[in-house]
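Colleague: I have a structure here, written as structure tokens, and I will follow up with some questions on it.
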Amino acid sequence: MELKRAIDLVTTLADGVNPITGEILAENDSCNQLEVVRALNLLLRAVQSTLKSTPNSTQSTPNSTQNSTPKCTPNRKDGKEGKPWSREEELLLCRMFDDGRQGQDICTTLGRSHVAVAARLVRLGRIEQRADFSERTAGRPNR
């Protein structure tokens, strides 16, 4: 497995989403508990910091294969990963989504990953599944 893929899996898990099925984790799921989410994010920051400080660090393990699985690029702007959503953030998300804003614009404004925004929209009942976020916001002009 490539290290990049492992980081993507753990990032998605820390966002409260099952990285394999794409389903939102139940509130009582052990991986969705605050202390576990904080631990996952602490480990992610440590790994990313180590990778940045190691010039020729390899991003794969010996048994990895190139292009084995699709990759997700998280949008981390201000360290909100793993932090609870405020009511104001949820209202802004709904307003931007309803106004037809592009997905990348929504993610950037909120400082949340694409996975986190899609998962929150599912949780709020705005979309049926995470893939709907990409489908409904793709190709929309920025407003």
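The values are calculated or read from the model by the stated rules, or taken from the named source; none is laboratory data. Quick caveat: nothing in here was measured; it's all calculated off a predicted structure. Reconstructed Cβ throughout: ideal geometry from the backbone, glycine too, with neighbour counts over all protein chains shown. Each accessible area value is taken on the protein alone, full model and side chains, heavy atoms only, with ligands, DNA and RNA left out. Shrake-Rupley method; radii C 1.70, N 1.55, O 1.52, S 1.80 Å.
Colleague: Which value, in Å² rounded to 10, gives the accessible area of R130 with a 1.4 Å probe and all protein chains present?
Modeller: Its heavy atoms expose roughly 60 Å² to the probe.
Colleague: Let me ask another. I'd like the accessible area for T12, computed on protein heavy atoms only with a 1.4 Å probe and all protein chains in place. Round to 10 Å², please.
Modeller: 20 Å²
Colleague: How much accessible surface area, in Å² rounded to 10, belongs to the heavy atoms of S30 with a 1.4 Å probe?
Modeller: 80 Å²
Colleague: Tell me, what is the FRET efficiency for L9 and T109 to the nearest 0.05, using R0 = 41 angstrom and their Cβ-Cβ distance as r? Walk me through the numbers on the way to the answer.
Modeller: On the way: r = 26 Å, r/R0 = 0.63.
Taking R0 as 41 Å, the efficiency between L9 and T109 is 0.95.
Colleague: As an exercise, use a Förster radius of 22 Å and the Cβ-Cβ distance of D29 and L124 to find the FRET efficiency, rounded to the nearest 0.05. Don't skip to the answer; put the middle values down first.
Modeller: Values: r = 18 Å, r/R0 = 0.84.
For D29 and L124, the calculated efficiency is 0.75.
Colleague: Given points 7 Å out from each Cα along the Cα-Cβ axis, report the V36 to R95 separation in nanometres with one decimal.
Modeller: About 3.5 nm separates the two model spin labels.
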